[in-house]
Amino acid sequence: MTNPVDSLRHANARPIVCIDQGPESEILRKPAEPVKRINRSIQQLLDDMLKTMYTERGVGLAAPQIGVGKRVIVVDVGDGPVELINPELTRAEGAVVGTEGCLSIPGVLGEVERAERVQVTGLDRNGRKIWIEAEGWFARALQHEIDHLDGVLFTDKAQRLFEVPPEKRLRIVYMGTPEFSAQVLERLLRQGFQVYAVVTQPDRPRGRGQKPQPSPVKRVAEDYMIETLQPERLSDEATLARLREFRPDVLLTCAYGKILPKTYLQLPKYAALNVHASLLPAYRGAAPIQRALLDGATETGISLMYMSEGMDEGDILLQRAIPIGEDETFGSVHDRLIELAAEMLPEGLRLLATESNPPRIPQDHARATYAPRIDKAETVIDWRQPAEAIVNRIRAFDPAPGAQVSWQGRALKVFAATVVEASDEHGRPGEIIAAGDDGVVVAAGTGSVRIGELQPPGRRRMTAAAFLNGYPLAAGQFFD
Ligand code: CO
């Protein structure tokens with residue numbers, strides 16, 4: 001049985017009347033034989049079935065589905081594997097209608113009435129008798145799989161059948177690492193897209209303390225019980241072999257953090273796509289959102305690009321722009337681009353799944369600009385710069401890592417800055433011209449900057465008024 005995390009609503013499934021049961025239907029329709037002796041080959045069968053079930057993202061599998069006419073099933077609804085040989089339904093109570101799919105009938109979901117609670121008996125892989133009491137989703141999976149042993153498919157019992165749209169049948173392998181990527185992944189999953197495996201960077205020490213932490217993408221994958229691979233090196237053969245077993249239609253990367261070897265580009269059946277947070281060919285590289293803000297860009301966007309061997313050089317499948325407001329920060333642009341990516345991906349994936357010639361627009365390489373990773377030194381404000389540039393720097397590093405100034409030997413982070421209209425009164429770069437409830441005004445190379453919020457070391461960020469209550473910052477002093 002498949003896992004309709006994508007309920008019917010999320011899958012936007014369409015009603016259907018007739019289904020093609022494929023070439024496997026003959027064995028699926030024959031009652032399976034009881035297992036007479038439990039031996040190594042039955043144990044091997046169980047191992048194979050579990051592996052197939054997990055690779056196919058199923059929650060249950062019956063032996064006839066892999067071409068073996070024996071009464072053997074496996075189920076895992078998230079609480080660990082259950083293996084049953086010669087299972088029998090010994091009690092069934094209540095009735096409940098729910099949505100099911102089946103690995104043997106891909107792209108079809110149905111509403112099926114099942115007993116709400118069941119008792120099932122059978123043998124484990126060592127021949128010991130076991131009893132299982134199950135309810136809800138677990139009970140449904142057991143009934144679905146036991147039906148398979150009698151040649152019965154869920155489509156026989158379904159009150160209504162639905163066809164899953166082609167883009168939601170795509171077998172996706174997702175590669176990414178940071179928060180941006182994690183949120184795009186989560187939105188895809190919530191919309192019912194089928195992600196079979198996730199590749200993310202190994203756990204690394206993050207934040208305070210030195211304990212290795214999973215990447216944000218790994219956390220989402222774990223929430224959705226998606227197999228996660230974390231190779232130290234992408235060229236690792238075991239990783240590639242496992243990825244091939246998922247038979248991906250699409251390899252979707254979003255801020256993985258490394259250039260992909262050519263072998264990865266050849267993995268998927270349809271395309272290797274990259275979600276990039278800029279209007280390519282502008283801002284190729286690791287930090288497109290920060291660099292756009294640093295430059296004071298008034299527009300950015302998302303490019304959905306076919307991956308090539310170069311860095312962000314591939315042809316464009318889809319591209320959409322959003323304006324950057326004057327008051328916007330890295331945080332707000334980042335979040336709006338996540339939403340934009342989540343809107344564009346369903347369309348991009350639909351084009352891939354349904355069009356024989358999906359759009360493919362080459363980039364104008366002559367116009368390419370680059371957005372290298374941010375160096376820590378870049379977060380330090382140079383007061384000799386024009387006020388506009390300083391304000392852009394503060395926006396680009398808000399909320400993290402925060403633009404830094406140094407005041408009386410303390411490193412302060414500053415936020416919520418605006419350019420102050422030129423006035424007669426102008427100090428030397430870094431001089432504090434005014435400090436009051438409406439902010440700290442500092443002279444820049446040209447013009448001055450009003451800082452609305454500050455963050456002392458080890459404290460939360462606070463308004464200028466709150467800061468001035470606790471710290472003796474005053475006009476006439478300097479930021480170095
Ligand atoms: Co099934």
Legend entry - Label zone at ARG125, where the point sits 7 Å out along the Cα-to-Cβ direction: the range 35-63 residues whose backbone N lies under 11 Å: 40-51
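Rounded to the nearest 500, what is the 222 nm mean residue ellipticity of the chain from helices alone, with -39500 (n - 2.57) per DSSP H run of 4+ residues and division by all residues?
Working: 13 runs with 125 residues, N = 480.
Taking each H run of at least 4 residues, the total per residue is -7500 deg cm²/dmol.
What's the Cα-based Rg to Rh of the chain, Rh via Kirkwood? Write out the running numbers ahead of the final one.
Details: Rg = 28.6 Å, Rh = 25.8 Å.
With Rg and the Kirkwood Rh in hand, the quotient comes to 1.11.
What order, most packed first, do the peptides 454-460, 175-181 have when packing is the mean number of other Cβ atoms within 10 Å of each residue? Please report the intermediate quantities before stating the final value.
On the way: 454-460: 13.3, 175-181: 23.1.
Taking the mean over residues of other Cβ atoms within 10 Å, the ranking is 175-181, 454-460.
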Legend entry - Calculated log₁₀ intensity ratio I(q)/I(0) where the Debye formula runs over C-alpha points of the range 199-268, q = 0.21, 0.22 Å⁻¹: -1.01, -1.09
Legend entry - Residue-by-residue Karplus 3J(HN,Hα) for the range 73-83, coefficients 6.51, -1.76, 1.60, Hz, glycine and proline x: 9, 10, 9, 8, 9, x, 10, x, x, 10, 10
Inset, instruction - Quick one: which residues, 5 or more positions from GLN213 or on another chain, have an amide H under 5 Å from its amide H? H modelled 1.01 Å from N in the peptide plane, none for Pro or chain starts. - result: ARG204, ARG206
Inset, instruction - For the range 98-238, give the magnitude of the charge dipole about the Cα centre (Cβ charges: +1 Lys/Arg, -1 Asp/Glu; no others), in debye to the nearest 20. - result: 560 debye
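Arrange the following residues from fewest to most other Cβ atoms within 10 Å of their Cβ: TRP383, TRP131, TRP137. Numbers along the way, then the final one.
Details: TRP383 21, TRP131 10, TRP137 16.
In increasing order of surrounding Cβ atoms, one gets TRP131, TRP137, TRP383.
How would you rank 209-215, 86-92, 113-119, highest first, on the average number of other Cβ atoms within 10 Å across their residues? Don't jump to the answer; show the numbers that get you there.
Details: 209-215: 13.3, 86-92: 15.7, 113-119: 17.6.
Output ranking for 209-215, 86-92, 113-119: 113-119, 86-92, 209-215.
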Inset, instruction - Give the peptides 318-329, 271-282 in descending order of average Cβ contacts within 10 Å, highest first. - result: 271-282, 318-329
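Got a sec? How would LYS36, LYS157 order by Cβ neighbour count within 10 Å, fewest to most?
Numbers: LYS36 9, LYS157 16.
Exposure proxy ranking, most exposed first: LYS36, LYS157.
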Inset, instruction - Please turn the phi angles of the range 339-348 into ³J(HN,Hα) values with the Karplus equation 6.51 cos²θ - 1.76 cosθ + 1.60 (θ = phi - 60°), one per residue in order, whole Hz, x for glycine and proline. - result: 4, 5, 4, 5, 6, 7, 4, x, 5, x
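Using R₀ = 25 Å, calculate the FRET efficiency as 1/(1 + (r/R₀)^6) where r is the Cβ-Cβ separation of ARG459 and ASP438; round to 0.05. Could the numbers behind the result be given before it?
Details: r = 21 Å, r/R0 = 0.84.
Efficiency for this residue pair is about 0.75.
With an 8 Å Cα cut-off and a minimum separation of 6 or more residues, compute the relative contact order for the range 19-119 in percent. Please report the intermediate quantities before stating the final value.
Values: 139 pairs, mean separation 22.6, N = 101.
Once normalised by length, the contact order is 22 percent.
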Legend entry - Other-chain or far-sequence residues with amide H under 5 Å of SER104's (modelled H): none
Legend entry - Relative contact order (%) - the chain, alpha-carbon pairs under 8 angstrom, separation at least six: 10 percent
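Which percent, to the nearest 5, of DSSP beta bridges fully inside the range 139-252 are antiparallel?
Details: 2 of 12 bridges.
Around 15 percent antiparallel, to the nearest 5.
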Legend entry - From phi via Karplus (6.51, -1.76, 1.60), per-residue ³J(HN,Hα) for the range 439-449 in Hz, x at Gly/Pro: x, 10, 9, 10, 6, 10, x, 10, x, 9, 10
Legend entry - Reach of LYS129 by Cα under 29 Å, taken over lysines that are not fewer than 8 positions away in the same chain: LYS30, LYS36, LYS51, LYS70
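Using only C-alpha positions, report the orientation-averaged shadow area of the convex hull of the range 236-276, nm², one decimal. Walk me through the numbers before you get to the answer.
Values: hull surface 11.5 nm².
Over all viewing directions, the range 236-276 projects a mean Cα-hull area of 2.9 nm².
Here, each number is a calculation from the coordinates, and none is a lab measurement. Not measured: the values here are computed from a predicted model. Counting neighbours? That spans all protein chains shown, and the Cβs are built from the backbone with ideal geometry, glycine included.
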